[in-house]
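Heads up: the structure comes next, in structure tokens.
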Amino acid sequence: MGCGTSSVKDTRSEQVLKAALVIQNWYRGYSTRLKARQRYALTIFQSIEYADEQGQLQLSNFFSFMLENYAHIHEKDPEIVARLFGSTIQDYKDRQDYVAFVDVPNSYNGPRLQFPLTFTDIDLLVDAFKQQQILHARYVLEVLFETKKVLKQMPNFTHVKTSPSKEITICGDLHGKLDDLLLIFYKNGLPSGSNSYIFNGDFVDRGRNSIEILMILFVSFLVYPNDLHLNRGNHEDFMMNLRYGFTKEILCKYKIHGKQILQILEDVYTWLPIGTIIDNEILVIHGGISESTDLNLLHHVERHKMKSVLMPPTPLDGDPDTNLKKKKFNATVLPREVKTSTSLSEQLTKHEWEQVIDILWSDPRGKRGCYPNTSRGGGCYFGPDITSKVLNRYQLKMLIRSHECKPEGYEICHDGKVITIFSASNYYEEGSNRGAYIKLSFGMAPRFFQYQVTRTTCLRPLYQRVNAIESSAIRILRERIIAQKTDLIHAFQLQDRSKSGKLSMSQWAFSMENILGLNLPWRSLSSRLVTTDTNGDIDYMSSFQDIHIQKPVKEAQSTLIETLYRYRSDLQIIFNVIDSDHSGLISVEEFRSMWKLFNSHYNIHIDDFQIDELAERMDLNKDGSIDFNEFLKAFHVVHKLDKLNKSGSGLL
Amino acid sequence: ITVAEFHKKIKDAFEVFDHEANNTVDVREIGTIIRSLGCCPSEGELHDLIAEVEEEEPTGYIRFEKFLPVMTEVLLERRYRPIPEDILLRAFEVLDPSKRGFLLKEELIKYMTEEGEPFSQEEMEEMLSAAIDPESNSVHYKDYIAMMVIDES
């Protein structure tokens, strides 16, 4: 079949047939190449996302290390220890007392809630948020207070029954994307006594409207506590919020009362149920399971003691298992003498804690067995045999979970026993994926509904959408590359014996994967990242050409700049924890000692005096304090092509 | 380019679609993988290739061990080369005998969905969204081809 060279002898219809074949063949090739590019872009986003999550675990180890070595922190400032090990705020009995200090001025034009809440309040909020209004802090605090009160009475697992006339709708991760929630309500109706919903965790972080989503969900929950079910996700965790954007969103939208809101939110999270069981046969949880998942234990565990994934229970007298597990993840072991304000009765046992982590963090995979989840750094990978074993153990038929972004919004695996449902469309970038929800009832096969939020009224052509997400993915990948420039060049030069500036594709791909720690199809991506000569050899310095990190201070060395850029998320979190009054300032002295610890724990080889110099310069008004948000903002990556575009002299 | 390099290239492309990380991919993704490696088989040729890499009793999954040797040969023999621009242009010209320089939307739909290896509705809509100039409701094929070629390079 072929390339359509018509001969004179062909009839007209034969010519038309051949021509059509050529065009169809070409188009299909083009279209699948577009889809492959889209898939590559998603792989990039996902690898980087999971690598970041692993960074979270390092951070947790750093906190332990900090407590161990930064002895005078908890003498001078017991609040830091309390912050890290969690302490409950004073328990008010009455909502009115709790919000007594917050007034709603007459000039406030936003929605006003009325307690006890009714369905009109749900409508009110949805309409107000559609118009991008912000709910007053007083109402936020009231809703959170009431939500905590009601959640406390809920068991760890809610048992739900369905029938053909009463289906239930299950939604996955929303991650602060209000448009998706509104689209779901538009297609499927608002929650009510006859329209039940389960929201399976990860309501917050990453998107811009996490607080609005929480408010809609919590208000709906307060109005219909038996029909609106909320499961805790791994992002319903104040430590995760510090890194992934929700804390920042709150502090921006609620400058005066943000801190109070964050405090009570920490508590509300811990009272969210662990999961839902439908008709005694379907288990709905956020992440997954492990081979040792014990539903009986999980039914009885005191779930509110699970403060954060980054705060494992402190080990008891030389508990060998804890020490072993911590060694596996390169953690340090706290000495027995460390005083904390938390007594042992306020913690879960190590075994209980791990059970909950598995539920919130695990991912299904095709490989049989159960393995530590190395890309996320928490929970495990579980195979189809594990699924069968655990489901059989409790006479369950199916597991519905979320936690992973899927291009079609959902995915079925493990012989139909595991469904992943993900409800944040365009999660990584506009056009990256669809969102979906499930409707089911007892005895009927689950039905899937997909959607994708678009900014414009008509969908852009596929090639434009793919170009957009591909550019975005390549862009963040290049930022990763530049952040490791020195290490990469070093690795390249080791292999480039003849000092030609060139490497083979294999050599280049090997170093990229090794240094960056990202499992990506480097050969297929090479054309976007680096220039190749006619022999097929790679000019390895070409990946650093169009991009550099802006130096906040001219004299600072590039290794220092790169390191600070690489760890800026971690530094942000640590600063936020130290800056307990959320003033945005830390003292130069605190910065220095903090950095010294960071330095030694992460094994970074930066001279102390370089940091000292940098700190001096960052203290712009010489008053002994650093505005660390300014400090971190100063390290941003400059894409040369952006500059060209801005000045209008470059046409792309 | 050595055989080992081909192997690595094929492995990379395969892994992107191996969602469960168990060295198998859904048979419906094979076309995408083959095309992402730069080949342009027709639907019929694709069918034959799939038959070569499937299990004796089709499982819906293709294993890497079977895919690799077949795909390596395809690459080594430079089979299913992409269609050159001028051939593509001539094909459009065959469908436009009066040499207007464009095809009407209805004409394109008719040819693509009734001749050759017909498009599905989804494929047709996808092609139309980028190809059709909404003002004239037609596709100016010379411009269209030029645009697609730029986008790919």
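Derivation of every value follows stated rules applied to the coordinates shown; laboratory data play no part. What you are looking at is a predicted structure, and each value in this text was computed from that prediction instead of being measured. Glycine gets a Cβ as well: all are built from the backbone with ideal geometry, and neighbour counts include every protein chain shown.
Using +1 on the beta carbon of Lys and Arg, -1 on that of Asp and Glu, and nothing else charged, what's the dipole of segment A:370-430 about the Cα centre, debye to 20?
Values: 7 positive and 7 negative charges, 93 e Å.
Rounded to the nearest 20 debye, it is 440 debye.
Place +1 on the Cβ of every Lys and Arg and -1 on the Cβ of every Asp and Glu in segment A:400-554, take the dipole about the Cα centre, and give the residue among A:I476, A:Q545, A:L518 whose Cα lies farthest towards its positive end.
A:I476
Among B:H7, A:H159, which comes first, then next, by fewest other beta-carbon atoms within 10 Å? Present the calculation step by step, with values, prior to reporting the outcome.
On the way: B:H7 15, A:H159 10.
With the sparsest Cβ surroundings first, the list reads A:H159, B:H7.
Please state the shape class of segment B:1-117: rounded when a/c is under 1.5, otherwise prolate if a/b exceeds b/c and oblate if not, all from the C-alpha gyration tensor.
Numbers: a/c = 2.87, a/b = 1.97, b/c = 1.46.
Prolate, because a/c is 1.5 or more and a/b exceeds b/c.
Which ordering of A:S441, A:S210, A:S471 is given by a fewest-first count of other beta-carbon atoms within 10 Å?
A:S471, A:S441, A:S210
Once you've got the GNM for chain B with C-alpha springs shorter than 10 Å, pick whichever of B:P82, B:P97, B:P118 has the biggest mean-square fluctuation.
Looking only at B:P82, B:P97, B:P118, the biggest GNM fluctuation is shown by B:P97.
First select every other residue whose beta carbon is under 14 angstrom from the beta carbon of A:E513; then total the charges, Lys and Arg +1, Asp and Glu -1.
Here the charged neighbours net out to +1.
Taking beta carbons within 10 Å but only from partner chains, what does the mean come to for residues B:91-98?
Partner Cβ neighbours, averaged per residue: 5.
Would you please give the residues with an amide H less than 5 Å from that of A:Y381, counting only those at least 5 places away or on a separate chain, with H modeled from the backbone geometry?
The list, which skips near neighbours in sequence, is A:D363, A:Y371, A:N373.
Once a ≥ b ≥ c are taken as the square roots of the eigenvalues of the Cα gyration tensor of segment A:353-492, is the result rounded (a/c under 1.5), prolate (a/b larger than b/c) or oblate (a/b not larger than b/c)?
Oblate.
What residues have an amide H closer than 5 Å to that of A:E236, excluding those fewer than 5 places away on the same chain, when H is modeled at 1.01 Å from N in the peptide plane?
Excluding prolines and chain starts, which carry no amide H, the hits are A:D202.
Between A:R95 and A:S506, what is 0.36 nm times their sequence separation minus the Cα-Cα distance? Round to one decimal in nm.
Separation in residues times 0.36 nm, less the Cα-Cα distance, equals 141.5 nm.
Quickly estimate the mean residue ellipticity at 222 nm for chain B, helices only: each DSSP H run with n ≥ 4 gives -39500 (n - 2.57), and the total goes over all residues, rounded to 500.
Calculated from helices alone, the mean residue ellipticity at 222 nm is -18000 deg cm²/dmol.
Running a GNM on chain B with Cα contacts under 10 Å, which residue among B:V74, B:V139, B:V94 ends up with the highest mean-square fluctuation?
B:V94
Could you work out how far the C-alpha centroid of segment B:77-153 sits from that of segment A:357-423, in angstrom?
Segment B:77-153 and segment A:357-423 have Cα centres spaced 43 Å from each other.
Taking chain B as the reference, fit the longest principal axis to its C-alpha atoms, fit the long axis of helix B:121-131 to the helix C-alpha atoms, and give the angle between the two in degrees, 0 to 90, nearest 10.
60 degrees
In which sequence would A:F145, A:F119 go, from the one with the fewest C-beta neighbours within 10 Å to the one with the most? Kindly include the intermediate steps, with their values, before the conclusion.
Details: A:F145 20, A:F119 15.
With the fewest neighbours first, A:F145, A:F119 line up as A:F119, A:F145.
Just to check I understand the Karplus step: with θ = phi - 60° and J = 6.51 cos²θ - 1.76 cosθ + 1.60, what whole-Hz values come out for segment A:401-410, glycine and proline as x?
Running phi through 6.51 cos²θ - 1.76 cosθ + 1.60 with θ = phi - 60° gives 9, 10, 6, 10, 6, 10, x, 9, x, 8 Hz.
Let me spell out the model: positive unit charges on the Cβ of Lys and Arg, negative unit charges on the Cβ of Asp and Glu, origin at the Cα centre of segment A:98-184. What dipole size does that give, in debye rounded to 20?
Roughly 320 debye for segment A:98-184.
Tell me, what HN-Hα J-couplings in whole Hz come from the Karplus equation 6.51 cos²θ - 1.76 cosθ + 1.60 at θ = phi - 60° for each residue of segment A:420-437, using x for Gly and Pro?
For segment A:420-437, the Karplus-derived couplings read 9, 10, 9, 10, 9, 6, 6, 4, 7, 5, 4, x, 6, 6, 8, x, 8, 9 Hz, x marking Gly and Pro.
5 Å is the cut-off here: which amide hydrogens, built 1.01 Å from N in the peptide plane, fall below it relative to A:N280, excluding neighbours closer than 5 in sequence?
Placed amide hydrogens put A:V160 under 5 Å from A:N280.
Could you compute the net charge surrounding A:Q24? Neighbours are other residues with a C-beta less than 12 Å from the C-beta of A:Q24; K and R count +1, D and E count -1.
Local charge sum for A:Q24: -3.
Read phi for every residue in segment B:14-29 and hand back ³J(HN,Hα) as whole Hz from Karplus 6.51 cos²θ - 1.76 cosθ + 1.60, θ = phi - 60°, with x for Gly and Pro.
Values per residue, Gly and Pro as x: 4, 5, 4, 9, 8, 5, 9, 6, 10, 6, 10, 10, 4, 4, 6, 9 Hz.
Check each of the GluC sites (Glu not before Pro) in segment A:452-555 and keep only those in coil by DSSP with at most 14 other C-beta atoms within 10 angstrom; list them in order. Before the final figure, lay out each step's value.
Values: sites: A:E470, A:E479, A:E513, A:E555; in loops: A:E555.
Those that pass, being in a loop and sparsely packed, are A:E555.
Would you calculate the convex hull of the Cα atoms in segment B:112-153 and tell me its volume per residue in Å³? Could the numbers behind the result be given before it?
Details: hull volume 4.0 nm³, N = 42.
Spread over its residues, the Cα hull of segment B:112-153 gives 95 Å³ apiece.
For A:Q450 and A:T559, calculate 0.36 nm times their separation in residues minus their Cα-Cα distance, and state this gained length in nm to one decimal.
Working: separation 109, 0.36 × 109 = 39.24 nm, distance 4.63 nm.
Stretched fully, the A:Q450-A:T559 segment lengthens by 34.6 nm.
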